[in-house]
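Okay, structure first, notes after.
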Amino acid sequence: MKSCEQFIYCNNLFEKGDKVGVGCSGGSDSIALLHFLAKNKDKFGIEISVIHVDHKIRENSGGDCQFVKDVAAGLGLGFYDFKIDVPKLAEEEKQSLETAAREARYKVFEALLNRGLINKVALAHHKNDQAETILMHIFRGAGLAGAKGMDAINGCYVRPMLDTDKEEIYNYIKKHKLKFVEDWTNADIAYNRNYLRNVILKDISSRWPGAVDSIVNFGRAAGEDDEFINGQIHQDAVIFEKDMAKIPLSYFVYSQSVVARIIFKAMKGLGVNYDFERKHISLLSKLALNGDNGNKLSLPFGFVASKEYDYITIHKAAKKNVEFVKKFRCGEIIVDDWGKIFIKKAKAENISQKIENTLYLDGDLLPKDIVWRFRKEGDIFEKFGGGRKKLKSFLIDKKVPARLRDKIPVLANNDEVFVVGGIEISNKVKLSDDSKNIYMISWVQN
């Protein structure tokens, strides 16, 4: 496959010493790629092993695994096989079989990469697949980022046949008399990809014979334009903190093309590389420019976008708070999804206001039946220095995002709050010159 060899060299897909795992289903495309790389591994200076994932979608899928294992043995290559119940996984995750199968495969690849058994994965996507992918992305509402299709190199993943058409693959198989397995599900047009391949693209190509090349060339042009626009994005356009991304509201006044890429950058940083569409970009822009503080928007894969003062914050949907009630005592208290509180006695002469994440209070001013809990509607707080108000208003004044307010532990008796964890003590329990029963409260947040 001349085009495959040229593509490998032109795009520097391999370096000498690479340990390449070839994803192989046993179908014609992956068998052709496996055979080609195995026969040319010394020329490229790489080691080859074979990876097969049995999705358990078909009853006879175990036979495919044995077939690929035999091919690997015949080529003298190492073999890794995995079985994943994709139909069950799809049902549990409420995903299509296509999406669940793809995610399952990539989890397998990542496991092998993380264990150091391979450092690259070669996938058998070819030029026709690229044309299908571009059309699929366009139909789903993608912009230039999606219209460019698949990359030749995406991290540890390489696609050596991305410039090789299906006819050349068939000719290679015929020339080398290679056997392969037929997956009957490839003809099932109930799957979106199969419908696009077997109906739409087939009809388009019958009317316009050069359609595949034209679509792929369009994808290349889209990719070049996308790369230029990405170069206009400032480094501080997305701020990553723990498991969330923050985008300053000021960036949403930029052109929609730049805004879209900032959002894509945020989602990619959170691990979302697929199923994020143009409609989500529009909804996020409306939230940023017209939404009220605290407004939320549901996004794919269990993410939520919140308008929080000067930012749009993208994060996982909050878990429902479990019951949390702890008596006030010295020691350590663990607060799920927030952190830890440490309480101990202190002497007046040892008090230092310079210790971070530390509050002091007069224990003699605390009611007897006081507990740590999460906030409730109607809670009242007298802030340090005076000024009584609802706890909700106090947290708003402190610019605590709405998604975090229900996670903060408070020390309270009935509806009176005496400590807001990690923020402040009530004026009612502040120290005086006569304070003798002093407690030091410190914390470490997740």
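One table, with the values for the structure above:
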| read-out | value |
| --- | --- |
| Where Rh is the Kirkwood radius over Cα pairs, Rg/Rh for segment 313-373 | 1.05 |
| Separation in nanometres of the label points that stand 7 Å from Cα toward Cβ, at residue 242 and residue 198 | 4.8 |
| Selection from 322, 396, 385 lying farthest towards where the dipole of segment 298-414 points positive, charges on Cβ | 322 |
| Choice from 257, 352, 49 showing the highest fluctuation, given a GNM over the chain with Cα pairs closer than 10 Å | 352 |
| Gap separating the Cα centres of segment 27-42 and segment 327-377, nearest whole Å | 65 |
| Extreme residue, positive dipole direction of segment 258-305, given options 272, 259, 294 (C-beta unit charges) | 259 |
| Rounded to the nearest 20 debye, dipole of segment 81-181 from Cβ charges on Lys, Arg, Asp, Glu | 360 |
| Fraction of accessible area attributable to carbon and sulfur, segment 12-71 (%, probe 1.4 Å) | 42 |
| Cα gyration tensor category, rounded, prolate or oblate, for segment 88-174 with a/c compared to 1.5 | oblate |
| GNM top mover of 203, 54, 129 - the chain, alpha-carbon springs below 10 Å | 203 |
| Listed residues 55, 315, 234 arranged by accessible area, highest first, probe 1.4 Å | 234, 55, 315 |
| Most mobile listed residue (287, 75, 123) in the chain, GNM with C-alpha springs under 10 Å | 75 |
| Peptides ranked, highest mean first, by Cβ atoms within 10 Å: ranges 405-411, 239-245 | 405-411, 239-245 |
| Antiparallel bridge percentage (DSSP; both residues within the chain; nearest 5) | 75 |
| Table column - 3J(HN,Hα) (Hz), segment 91-104, Karplus curve with 6.51, -1.76, 1.60, x for Gly and Pro | 5, 5, 8, 6, 10, 6, 4, 4, 5, 5, 5, 4, 5, 4 |
| Ratio of Rg to Rh over segment 257-325 (Cα coordinates, Kirkwood Rh, two decimals) | 1.02 |
| Within the accessible area of segment 340-395 (1.4 Å probe), percent carbon and sulfur | 47 |
| Over the chain: helical MRE at 222 nm, DSSP H runs n ≥ 4 each giving -39500 (n - 2.57), nearest 500 | -10500 deg cm²/dmol |
| Karplus 3J(HN,Hα) series, Hz, for segment 112-128 with 6.51 cos²θ - 1.76 cosθ + 1.60 (x for Gly, Pro) | 5, 5, 5, 7, x, 6, 9, 10, 8, 10, 9, 10, 8, 5, 10, 4, 5 |
| Global geometry of the chain, whether rounded, prolate or oblate, following the gyration tensor of its Cα atoms and the 1.5 cut on a/c | prolate |
| Per residue accessible area of the chain, 1.4 Å probe, in Å² | 54 |
| Alpha-carbon centroids, segment 90-151 and segment 244-296: separation in whole Å | 23 |
| Global form of segment 135-177, assessed from the alpha-carbon gyration tensor, a/c cut-off 1.5 | oblate |
| Proximal lysines relative to residue 354, as straight alpha-carbon distance under 27 Å, when same-chain residues fewer than 8 apart are discounted | 242, 340, 344, 345, 383, 398, 399, 407, 428, 430, 436 |
| For segment 135-258, alpha-carbon Rg relative to the globular expectation (2.2 N^0.38 Å, N residues) | 1.42 |
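The values are calculated or read from the model by the stated rules, or taken from the named source; none is laboratory data. Being a predicted model, the structure only gives us computed values, none of them experimental. No Cβ is skipped: glycine too gets one built from the backbone with ideal geometry, and neighbour counts run over all protein chains shown. Calculation scope for accessible area: heavy atoms of the full protein, side chains included, ligands and nucleic acids excluded. Shrake-Rupley method; radii C 1.70, N 1.55, O 1.52, S 1.80 Å.
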